[in-house]
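The values are calculated or read from the model by the stated rules, or taken from the named source; none is laboratory data. None of these values were measured; they are calculated from a predicted model. Cβ sites come from the backbone with ideal geometry, for glycine too, and all protein chains shown count toward neighbours.
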Amino acid sequence: MKLLSIKECDVFQKKVFIRCDFNVPMDDFGNITDDRRIRSAVSTIKYCLDQECAIILASHFGRPKAGVFSPEDSLSPVARRLHQLLKVDVALASDVIGEDAKARASKLACGEVLLLENLRFEAGETKNDPELSASLAALAEVYINDAFGVSHRSHASVAGITEHFDNAHKAAGFLLLKEIEFFDTLLERPVRPFAAIVGGSKVSGKLEALVNLLPRVDKILIGGGMAFTFLKALGYNIGNSLVEDDLIDEAGKIMLEAKRLGVKFYLPVDVLAAEKFSADSHVRMVSAQEIPDGWMGLDIGHATVELYRVVLEDVQTVLWNGPMGVFEIEKFAKGSNRIAHIVAEMNATTVVGGGDTADLVQRVGVDEEMSFISTGGGASLELLEGKVLPGVKPLMK
Ligand code: AMP
């Protein structure tokens with residue numbers, strides 16, 4: 001997939017609107033607890049500074065009530081962190097597209113950086129409102145999208161706004177380019193053997209991705225809650241484990257299709273079972289075929305970790321999306337943590353989907369060992385499903 005690149009766009013001394021994804025986690029005191037998304041945007045912003053641009057940055061943050069300013073959802077902590085990272089002043093407008101933003105944007109000189117307030121303070125943002133798109137577009141001469149994490153959304157600053165710029169005046173920033181190129185190579189030209197480790201809560205959330213991945217991979221390793229729908233499809237008693245009864249047939253079809261395609265399809269052979277969904281529950285390591293009635297599998301077991309270690313030994317490319325168990329509770333995090341170490345030690349291209357799996361590898365402390373960690377959970381999942389993202393399509397050559 002070839003995208004319009006910021007490198008090929010004439011931005012020299014232009015007024016540039018950069019859509020970023022600064023939707024970072026914050027604690028109750030407004031401290032940013034993980035600034036990976038802000039750091040990921042720095043290369044595009046610095047490139048524009050070197051090109052002597054006047055830079056207008058925009059992002060959403062949290063879920064404020066649409067159309068209403070709320071101080072706890074202000075981007076002011078982001079402006080401070082950007083100032084630290086860029087070492088230039090970052091002015092924060094007090095609104096998105098009100099008098100203050102418009103006045104500051106029109107006066108913005110080359111080399112200056114302006115951050116608009118949280119885009120979601122405007123009710124039209126998530127509705128892809130044409131009026132809001134037009135007003136945002138009118139602020140600048142060039143549009144750059146570097147917000148991979150929100151490129152699967154048809155929002156005014158991601159989708160509608162692109163209609164106001166011709167191909168010479170819009171492009172993908174470095175982060176967006178990198179994300180799209182990584183997933184494109186992964187799905188179209190992976191170095192084989194290629195394995196996908198797929199976990200998380202439900203089959204329904206990953207069904208389309210599984211179907212799209214099947215003909216592209218050599219091996220699929222299943223973990224997490226979704227494993228139990230597959231185990232039930234094989235006729236095993238899964239006790240009170242998470243299951244989607246309406247998808248049992250579908251799960252069976254996926255396993256048949258894997259067999260037809262010669263794709264090796266692995267399910268957990270043992271699980272850590274608990275009497276109740278709680279950190280203080282009694283737990284037992286049991287075979288996946290012998291989960292006691294009333295108990296629920298909340299993590300993969302030791303034998304599964306060892307099996308998956310062996311299965312991954314010859315793999316050259318691995319994609320990991322979704323935890324192997326209820327990793328938020330330490331007692332049920334060991335399977336995920338150990339898989340994180342195994343993937344980190346692999347002599348292969350290792351790609352981690354965004355969201356939970358990205359948090360997990362960071363928590364384990366092996367994030368630096370991975371080849372690539374996506375900044376967008378939802379967006380990367382849609383790429384794995386084979387979709388063209390609404391924020392990416394208008395930037396295709
Ligand atoms: P997802 O959003 O589909 O990627 O799922 C992530 C969630 O799956 C995490 O919050 C995990 O706690 C949850 N999860 C993983 N394994 C299990 C399991 N065996 N039973 C219930 N929930 C699980």
Could you list, in sequence order, the residues of the stretch 270-305 that are crowded, with 23+ Cβ neighbours inside 10 Å, among the small types (Gly, Ala, Ser) and outside any loop (DSSP other than H, G, I, E, B)?
Ala273, Ala274, Gly297
Looking at the stretch 233-244, I want the residues that are assigned by TED's automatic domain parsing to the domain that holds Ile291 and free of Cβ contacts under 8 Å to residues at least 24 places away in the same chain and have a partner that is within 14 Å of the ligand (Cβ to nearest atom) and assigned to a loop (DSSP other than H, G, I, E, B) with Cβ atoms under 9 Å, at least 6 apart or on another chain. Which pairs are those?
Val243/Gly225
Using beta carbons and a limit of 8 Å, which pairs, at least six apart or on different chains, have the first residue in the stretch 247-273 and closer than 19 Å to Pro193 by Cα and within 16 Å of the ligand (Cβ to nearest atom) and the second one small (Gly, Ala, Ser) and not in a loop (DSSP other than H, G, I, E, B)?
Leu267/Ala227
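Every residue, every condition in (1) buried (at least 19 other Cβ atoms within 10 Å of the Cβ); (2) of a type in the set (S, T, N, Q), yes or no:
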{"residue": "Arg37", "(1), (2)": "yes, no"}
{"residue": "Val42", "(1), (2)": "no, no"}
{"residue": "Asp50", "(1), (2)": "no, no"}
{"residue": "Val68", "(1), (2)": "no, no"}
{"residue": "Glu72", "(1), (2)": "no, no"}
{"residue": "Arg80", "(1), (2)": "no, no"}
{"residue": "Gln84", "(1), (2)": "no, yes"}
{"residue": "Lys87", "(1), (2)": "no, no"}
{"residue": "Gly98", "(1), (2)": "no, no"}
When Glu257 is evaluated against the numbered criteria (1) in contact with a Pro (Cβ under 9 Å, 6 or more places away or on another chain); (2) of a type in the set (D, E, K, R); (3) exposed (fewer than 14 other Cβ atoms within 10 Å of the Cβ), which criterion, by number, is the only one it fails?
(3)
Of the residues Ile329, Ile342, which single one is in contact with a Phe, Trp or Tyr (Cβ under 9 Å, 6 or more places away or on another chain) and either away from the ligand (no atom under 16 Å from the Cβ) or in the same structural domain as Ala147 (by TED's automatic domain parsing) (or both)?
Ile342
Going by the conditions given, is Thr317 away from the ligand (no atom under 15 Å from the Cβ) and hydroxyl-bearing (Ser, Thr, Tyr)?
yes
Can you work out which of the residues in the stretch 191-210 that are within 16 Å of the ligand (Cβ to nearest atom) and of a type in the set (Val, Ile, Thr) is nearest to Tyr308 (Cα to Cα)?
Ile197
Looking at the stretch 225-256, which of its residues are assigned to a helix (DSSP H, G or I) and over 26 Å from the mean Cα position of the chain (by Cα)?
Leu231, Lys232, Ala233, Asp245, Asp246, Ile248, Asp249, Gly252, Lys253, Met255, Leu256
For the stretch 218-232, name all the residues that are in contact (Cβ under 8 Å) with a residue 60 or more places away in the chain, hydrophobic (A, V, I, L, M, F, W, C) and either farther than 16 Å from Glu250 by Cα or more than 11 Å from the ligand (Cβ to nearest atom) (or both).
Leu221
